[in-house]
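K.L.:
I am attaching a structure below and will ask some questions about it afterwards.
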Amino acid sequence: MSAEAIGIQPPRTGEEQTQRTWLKWHLYLGYIGLAIGGLMGIGQALDRLGIDVYGTAVMNYFQGLTLHGVTLVIVFTFTFSNSWVALAAIRAFDRPLVNTRLVIASTLLSAAGVVLAAIPMLLGNATVLFTMYAPLQASFFFYLGATLLVIGTWVTLAAMLLTRREWKADNPGRATPLAAYMGIVTYIMWSMASVGIAIEMLAFLLPWSLGLIDTVDPLTTRTLFWMSGHPIVYFWLLPVYISWYLVVPQRAGGRLFSDGVVRVVFLMFLLLSTPVGLHHQFTDPGIHQGLKFAHGLMTFGVFLPSMITAFTLMAGLEDGARRRGGTGLVGWIRKLPWGDPVATGQLLAMLGFMLGGISGLIKASYTLNLVVHNTAFVPGHFHLTVGTAVTLSIMALTYWLVPHFTGKALWNRKAALAQVWIYFVGVLIFSRGQIANGIEGQPRRLHASGASFGSEAWALGDLMTGVGGLLMSVAGVLFFVILGQTLRSKQTATLEEQTLEFSEFVHDDRSSPAVLDRLGLWTAAAALLVLAAYIPAFIQQGFDPTSPGFTFF
Amino acid sequence: MGLQIEKVEKRFVWATIGALALGVVAIGYSVTEMGVHLPGHDHRIDPMQVVRGEAAPFDEPGLHELEDGTYEAVIVAQAFSFETGETMTVEDAATGADREIGVLRIPRGATVDIVATSRDVLHGMKILGTNVNVMLIPGHVTRVTHTFDAPAELQLLCTEYCGLGHNQMFAMVVVE
Ligand code: HEM
Ligand SMILES: [Cu+2]
Ligand SMILES: [Cu+2]
């Protein structure tokens with residue numbers, strides 16, 4: 001980090017203040033998504049305990065599950081990232097983004113996307129789940145809403161790239177400040193990867209749902225979806241990695257070792273996140289095994305940057321804990337900032353992510369995938385990743401972000417600490433239940449109370465899923481209580497509480513090779529890898545649109 | 001200056017690469033030595049022809065014995081049932097009512113080439129207690145081979161959301 005931008009302070013100029021106001025509303029939009037999705041989660045947890053809230057016909061189970069998936073992993077994650085990553089870039093560049101209109105546009109696109117997608121979901125015209133596999137056909141407006149949400153992320157990238165260009169002109173020869181670098185690389189990765197879903201929407205689902213074309217090729221649309229659908233998980237995760245790298249070690253009083261290694265980690269994600277999507281299609285017909293194996297192999301490669309992250313962070317945390325008097329092989333862990341909800345929530349999220357990463361590697365293991373594909377193992381896995389590593393980190397970061405945006409003091413630090421712990425314990429029980437049942441063959445996307453089939457082997461897992469899920473729900477409610485009370489609070493946050501300092505490095509950006517900053521070069525290399533991975537796949541599977549749309553909902 | 005990386009971290013990276021390589025070797029072993037295979041490219045088919053019953057072998061669902069003593073099981077999925085050539089009555093776990101569903105009766109020890117497709121939307125097909133777990137995509141033929149060693153009554157479940165009746169969609173495999 002350069003000397004003048006070591007963290008996030010309250011705004012310095014009026015323009016920056018305006019931008020932050022928009023970023024704040026963008027963030028609040030995400031909390032609305034979290035609230036709706038979490039509410040649906042309560043129903044899903046109760047369903048596993050044999051309490052069928054969907055029998056009452058307010059909404060059917062799959063309509064609820066569609067809302068759960070879309071509002072949590074598309075709305076909540078995207079809007080948080082658009083807000084947090086842009087904020088970090090503003091502070092890293094130490095200037096407002098170029099320009100305010102783009103910041104406003106991004107917020108409005110997200111808001112329009114949410115409204116457009118929510119209406120058909122609530123009316124039951126889009127009960128296709130967040131994967132929206134054709135030839136199930138949803139309302140045109142649902143697809144349009146999803147498209148606008150994606151375009152909103154592109155606009156955020158455009159603003160950051162323009163700002164970087166201006167900053168570079170003023171600071172010739174210097175490396176992009178790390179916090180902005182991480183955000184920009186993340187957004188380049190996603191913008192490139194989202195071309196898959198953009199083609200799926202613009203060329204197929206939008207015209208098809210309007211009646212302009214009659215038929216689609218379901219394997220083509222599915223392959224396009226997963227071309228974006230795997231890298232999307234890194235688009236959820238990497239904004240949180242920014243905080244794991246730059247916020248958590250600092251709060252633990254530790255230093256990170258090498259700025260360059262962090263940049264290399266993000267570049268590895270840029271290169272490897274996308275050419276792996278076929279691992280979601282291991283059990284599909286119509287795709288050659290060799291291609292599946294190649295994507296499976298690349299998936300193992302993308303495990304590496306997360307392992308380096310684990311090492312780097314652990315080293316930084318240990319450094320901090322030892323400086324604070326920690327001793328022993330593991331005893332230093334006690335000296336981590338367990339009294340600070342912002343740090344504690346993210347430390348727990350990291351622990352959850354270890355389990356999430358390992359369960360992910362199991363699913364990616366080609367033949368092993370046959371055991372768990374489309375079983376409850378999958379939600380068991382991703383509630384540890386996006387549902388914990390990402391969500392719990394965002395909730396923890398909220399305890400800083402909201403005082404920062406509003407100037408109001410966090411309502412109750414103890415409650416915030418309890419909140420992150422309850423969520424963590426809940427998700428461990430929940431995922432244990434889901435993973436065990438997945439191994440016993442229980443399908444995911446299961447309205448358990450309404451299913452015609454079942455197995456006695458699922459009883460314990462269902463109980464754990466239900467009980468764990470209810471604990472997560474309690475934590476979810478508590479989160480919104482804390483958020484609401486903080487917003488209503490009359491107590492102002494101290495300057496220190498409003499400021500977020502970034503981690504220091506033993507070897508800062510002056511030691512990092514200049515080639516790491518050649519983002520055009522790395523983007524081109526990443527694009528080549530995507531083409532190498534997907535051109536053979538699309539040629540081999542061919543294209544024959546023979547499927548009309550169906551609405552079995 | 002070059003990239004700064006701690007010595008221990010370098011070792012850790014190599015250890016990770018080693019562990020991942022070991023994983024790849026294990027996967028290779030499962031394919032070549034244990035004979036576990038994923039479905040691959042078979043052939044395309046017009047789902048509308050399947051609907052009209054014009055596309056072999058899907059015009060005749062059910063278990064067929066082939067000349068070499070092995071079996072072929074033809075299955076057609078649609079919202080919300082599996083057509084397997086034969087039906088049986090089961091008690092629906094949700095409603096408690098009796099219901100007719102598809103059944104595949106397989107002689108014990110038979111090696112069965114399962115050939116399946118969908119008439120409408122995406123479905124999944126997982127036979128509990130086995131490694132048969134595949135996607136059915138309209139326009140494509142899914143093929144998977146399994147040997148049914150022990151007598152059993154196995155549930156064959158739809159594992160991909162296909163509409164509001166998705167959790168009613170299952171069939172039975174009876175190994176006798
Ligand atoms: C109160 C907390 C939560 C509970 C009780 C809960 C519960 C569940 C359950 C039981 C399922 C499986 C449903 C099924 O397959 O039939 C599910 C699916 C899912 N959950 Fe959650 N969840 C919670 C929070 C979250 C969070 C925070 C996220 C992500 C940010 C998330 C993302 C998802 C996604 C993407 C699915 C898959 C939907 C689909 O299959 O289409 N959940 N959730
Ligand atoms: Cu993936
Ligand atoms: Cu189904």
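K.L.:
Summarise the accessible area of chain B (1.4 Å probe, protein heavy atoms) by the percent that is carbon and sulfur.
P.N.:
Using a 1.4 Å probe with all protein chains present, chain B comes out at 53 percent carbon and sulfur.
K.L.:
I would also like to ask the following. What's the Cα-based Rg to Rh of the range A:226-366, Rh via Kirkwood?
P.N.:
That ratio equals 1.06.
K.L.:
Relative to the longest principal Cα axis of chain B, at what angle does helix B:7-32 sit, 0 to 90 degrees, rounded to 10?
P.N.:
Result, in degrees: 30.
K.L.:
Now for a separate question. Quick one: of the DSSP bridges fully inside the protein assembly as shown, what percent are antiparallel, nearest 5?
P.N.:
70 percent
K.L.:
Using a 10 Å cut-off around each Cβ of peptide A:58-65, what is the average number of partner chain Cβ atoms that fall inside?
P.N.:
For this peptide, the per-residue mean of nearby foreign Cβ atoms is 1.
K.L.:
How many Cβ atoms of partner chains, on average, are near each residue of B:164-171 if near means within 10 Å of its Cβ?
P.N.:
The per-residue average across the peptide is 6.
K.L.:
Still on this structure, I have one more. How high is the relative contact order of chain A, in percent, with contacts defined as C-alpha pairs under 8 Å that are six or more residues apart?
P.N.:
21 percent
K.L.:
Can you give the accessible area buried between chains B and A, summed over both chains, with a 1.4 Å probe, in Å² to the nearest 100?
P.N.:
Looking at B and A, the buried total is near 5800 Å².
K.L.:
Also, quick follow-up: Rank B:Ala94, B:Ala55, B:Ala152 by mean-square fluctuation in a GNM of chain B with C-alpha springs under 10 angstrom and give only the top-ranked residue.
P.N.:
Of B:Ala94, B:Ala55, B:Ala152, the Gaussian network model singles out B:Ala94 as fluctuating most.
K.L.:
While we're on this one: Checking the table A:Lys24/A:Lys414; A:Lys363/B:Lys7; A:Lys24/A:Lys408; A:Lys335/B:Lys10 against a 20 Å threshold on Cα-Cα, which pairs fail?
P.N.:
A:Lys24/A:Lys414; A:Lys363/B:Lys7; A:Lys335/B:Lys10
K.L.:
In a GNM of chain B with a 10 Å cut-off on Cα contacts, which of B:Gly69, B:Gly102, B:Gly23 has the highest mean-square fluctuation?
P.N.:
Of B:Gly69, B:Gly102, B:Gly23, the Gaussian network model singles out B:Gly23 as fluctuating most.
K.L.:
At R0 = 25 Å, how high is the FRET efficiency between B:Asp98 and B:Asp149 if r is their beta carbon distance? Nearest 0.05 is fine.
P.N.:
It comes to 0.25.
K.L.:
Could I ask something else about it? Per residue of the range A:494-506, what does 6.51 cos²θ - 1.76 cosθ + 1.60 with θ = phi - 60° give for ³J(HN,Hα)? Whole Hz please, x for Gly and Pro, Karplus curve as stated.
P.N.:
6, 4, 5, 5, 8, 9, 10, 8, 9, 4, 9, 10, 5
K.L.:
Give, ordered by residue number, each residue of the range A:247-290 whose 1.4 Å probe accessible area is reduced by a minimum of 40 Å² on adding the remaining protein chains to the chain alone.
P.N.:
A:Phe257, A:Val261, A:Thr283, A:Pro285, A:Gly286, A:Gln289
K.L.:
With the radius of gyration and the Kirkwood radius both derived from the Cα set of the protein assembly as shown, what is their ratio Rg to Rh?
P.N.:
Reported Rg/Rh, Kirkwood definition of Rh: 0.97.
K.L.:
Convert each backbone phi in the range B:62-78 into a coupling constant with the Karplus relation 6.51 cos²θ - 1.76 cosθ + 1.60 (shift: θ = phi - 60°), then list the ³J(HN,Hα) values in order as whole Hz, x for Gly and Pro.
P.N.:
x, 8, 10, 7, 9, 4, 7, x, 8, 10, 10, 10, 9, 10, 10, 9, 7
K.L.:
Still on this structure, please answer the following. Taking just the alpha carbons, could you work out the radius of gyration and Dmax for chain B, both in angstroms?
P.N.:
21.2, 76
K.L.:
Roll a 1.4 Å probe over the protein heavy atoms and report the accessible area of A:Glu166 in Å², nearest 10.
P.N.:
Roll a 1.4 Å probe over it and A:Glu166 shows about 80 Å².
K.L.:
Have a look at B:Glu60, B:Glu91, B:Glu83 and tell me which one the Gaussian network model of chain B (Cα, springs below 10 Å) gives the largest fluctuation.
P.N.:
In this elastic network of chain B, the residue with the biggest mean-square fluctuation among B:Glu60, B:Glu91, B:Glu83 is B:Glu91.
K.L.:
Between A:Gln17 and A:Leu162, take the C-beta separation as r, use R0 = 35 Å, and let me know the FRET efficiency to the nearest 0.05.
P.N.:
E between A:Gln17 and A:Leu162, to the nearest 0.05, is 0.95.
K.L.:
If I model a spin label at B:Ala56 and B:His37 as a point 7 Å from the Cα along the Cα→Cβ vector, what separation in nanometres do I get?
P.N.:
2.2 nm
K.L.:
Could I ask something else about it? For chain A, list the DSSP H helices whose alpha carbon atoms reach 27 Å or more along the long axis and whose average Kyte-Doolittle value is 1.6 or above?
P.N.:
Once both thresholds are applied, what remains is A:100-123.
K.L.:
On a 1.4 Å probe surface of the protein chains, which of A:Val371, B:Val8, A:Val216 comes out largest in accessible area, and what is the full order?
P.N.:
Sorted descending by solvent-accessible area, the residues read B:Val8, A:Val371, A:Val216.
K.L.:
Here's something else I'd like to know. Report, as an integer, the average count of C-beta atoms from other chains found within 10 Å of each Cβ along A:131-144.
P.N.:
Mean partner shielding for this stretch: 2.
K.L.:
Considering only DSSP beta bridges where both residues belong to the range B:47-175, give the percentage that are antiparallel (nearest 5).
P.N.:
Bridges in the range B:47-175 are about 75 percent antiparallel.
K.L.:
Could you work out the relative contact order of chain B, using alpha carbon pairs under 8 angstrom and six or more residues apart, expressed as a whole percent?
P.N.:
Relative CO of chain B lands at 20 percent.
K.L.:
Same structure, new question: Please compute, over every Cα-Cα pair in the range A:1-149, the percentage with a separation greater than 23 angstrom.
P.N.:
I get 46 percent for the Cα pairs in the range A:1-149 exceeding 23 Å.
K.L.:
Based on the Cβ-Cβ distance of A:Leu528 and A:Arg413, what FRET efficiency does E = 1/(1 + (r/R0)^6) give at R0 = 60 Å, to the nearest 0.05?
P.N.:
The calculated FRET efficiency here is 0.75.
The values are calculated or read from the model by the stated rules, or taken from the named source; none is laboratory data. Note that the structure is a prediction, hence the values are computed from the model and not measured. Virtual Cβ from ideal backbone geometry, glycine too; neighbours counted across all protein chains shown. The protein model used for the area step is the full one, side chains on, heavy atoms only, and it has no ligands, DNA or RNA in it. Shrake-Rupley method; radii C 1.70, N 1.55, O 1.52, S 1.80 Å.
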